[in-house]
1. Using the number of other C-beta atoms within 10 angstrom as an exposure proxy, rank Glu59, Glu311 with the fewest first.
2. Compute the Kirkwood hydrodynamic radius of region 339-380, taking the inverse of the mean of 1/r over all pairs of distinct Cα atoms, and give it in Å to one decimal.
3. For the chain, state what percent of all Cα-Cα pairs lands in each successive 10 Å bin, counting from 0 Å until the bin that includes the largest distance.
4. With no solvent and one point per C-alpha, what does the Debye sum give as log10 I(q)/I(0) for region 130-232 at q = 0.16, 0.22 Å⁻¹?
5. Would you list Asp111, Asp203, Asp141 from fewest to most Cβ contacts within 10 Å?
6. Return the calculated 222 nm mean residue ellipticity for the chain, to the nearest 500 deg cm²/dmol, obtained by summing -39500 (n - 2.57) across DSSP H runs with n ≥ 4 and dividing by the residue count.
7. For a protection proxy built on the mean count of beta-carbon atoms within 10 angstrom, sort 261-273, 6-18 highest first, please.
8. Whole-Hz ³J(HN,Hα) for each residue in region 37-46, computed from phi via Karplus 6.51 cos²θ - 1.76 cosθ + 1.60 with θ = phi - 60°, x for glycine and proline: what do you get?
Amino acid sequence: MLFRPYKPIYIGKRKLPFTPGLIPSNQERLAQKVSDTIMGSLLTPGELQKLAQRLLAIERIESAISWLIKLALDQLKSDREQKTAKILGNILRDLFSQSLPRLLKVLARKDDFLEAQLNQIFDQILLNFKLKDAQGKKFADWLLGAVIPPDTLRRAIVDFLSDRNIQIIDEGFREKTSGTYWVVANLFGLRNSLIRLRSFCIDEPEITNARLQELTYSLQIRDRIKNWLTNLSLQNLPVSTVRQLRKTVREAVRNYIKEEGGDVITRLGESVEWENLASLILKRLQSSPTINDSLEVVSQELALVLDRYLERDLEKLVAQAIPILSIDQVIIDRVNATSPEELENAVQGIVKNELQAIVNLGGILGFIVGLLQVVILFFN
């Protein structure tokens with residue numbers, strides 16, 4: 001009568017009492033009672049928190065994170081459509097074309113922007129920078145061959161020896177000389193000599209260039225420039241001059257970044273093939289031994305961070321998860337979805353001996369009571 005019959009039995013339109021059995025007829029109420037009992041006594045928030053703590057032990061978290069990272073790397077290797085490369089390329093394009101220029105404009109407004117970095121570069125690189133002999137020689141050759149070759153020097157001489165400059169030089173030489181030079185300056189002067197030199201430079205350019213080249217060689221101009229360049233160092237300047245130069249360099253770089261830095265980075269971002277670059281980065285990451293060696297370290301660090309977070313907020317998370325999971329409703333639905341036959345089999349499987357003992361005890365008690373009634377009736 002606890003379980004059977006499974007369905008109600010009707011005689012005409014009237015249902016026979018005690019059909020179905022006690023448990024099938026009250027299955028919905030039983031499901032609610034089971035849910036209330038489990039959620040009220042067994043799966044309380046405190047017990048769920050303890051279960052979550054055992055489940056989210058730091059070793060399990062570390063293993064899960066390591067598994068997820070390895071799974072992500074394997075997914076990258078099997079990505080034939082290069083979806084990851086496209087996503088990473090779009091991220092890099094946005095970073096260099098939009099985000100980074102805006103960030104530079106904001107940071108460049110600060111007075112101490114790049115101050116320590118530029119000072120360090122100036123002190124460790126520019127201040128100690130000094131050309132070697134080979135570098136000084138090549139730089140001197142470049143100056144004499146490309147910047148001021150003989151023809152350029154000849155043209156400069158012609159431009160310099162204008163009529164006005166010749167007159168100024170001649171008058172100054174006459175006024176400021178004395179002794180023998182005064183006699184030469186006033187008797188012969190420099191005007192005619194300078195005019196003839198200018199005319200010679202104009203009329204005979206090839207000869208003038210050859211003479212200037214010979215003069216450069218004979219005066220050892222190349223060696224002088226080389227020695228001057230190799231001896232050039234900011235450390236030879238006064239301390240106040242070096243400080244002012246460092247400040248000027250710092251302000252010049254900051255002003256350039258403030259005014260032109262964003263546009264330069266934007267143009268640079270537009271000229272780069274970001275998808276190809278992202279593909280190269282991903283291929284390098286996939287085959288990098290450093291990545292494989294650091295997976296364990298990364299997993300440990302992330303596990304520690306997550307463990308500290310869970311230790312602080314696990315109670316709140318469990319309290320928020322219980323309504324979302326709806327464990328009580330799941331229990332009710334599962335009990336209601338169980339057929340009476342399955343429910344009987346489940347209960348019989350758990351307490352089969354106990355129920356049989358109750359049945360046997362009931363038979364024995366009924367037999368004894370019947371015997372007592374027979375005896376009483378016999379004597380009456």
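1. Numbers: Glu59 8, Glu311 12.
Least to most surrounded, the residues fall as Glu59, Glu311.
2. 12.4 Å is the Kirkwood radius here.
3. 4, 9, 10, 13, 13, 10, 8, 7, 6, 5, 4, 4, 3, 2, 1, 1, 0, 0, 0
4. With one equal scatterer per Cα and no solvent, log10 I(q)/I(0) is -0.84, -1.03.
5. Asp111, Asp203, Asp141
6. Working: 20 runs with 284 residues, N = 380.
Taken over the chain, the calculation gives -24000 deg cm²/dmol.
7. Working: 261-273: 14.1, 6-18: 9.7.
In descending order of packing, they fall as 261-273, 6-18.
8. Once θ is set to phi - 60°, the couplings for region 37-46 become 5, 5, 6, x, 10, 9, 9, 6, x, x Hz.
Values in this text are rule-based calculations from the coordinates and carry no lab data. This one's a predicted model, so the numbers in the text were calculated from it and none came from an experiment. So basically every Cβ, Gly included, is an ideal-geometry build from the backbone, and we count neighbours across all protein chains shown.
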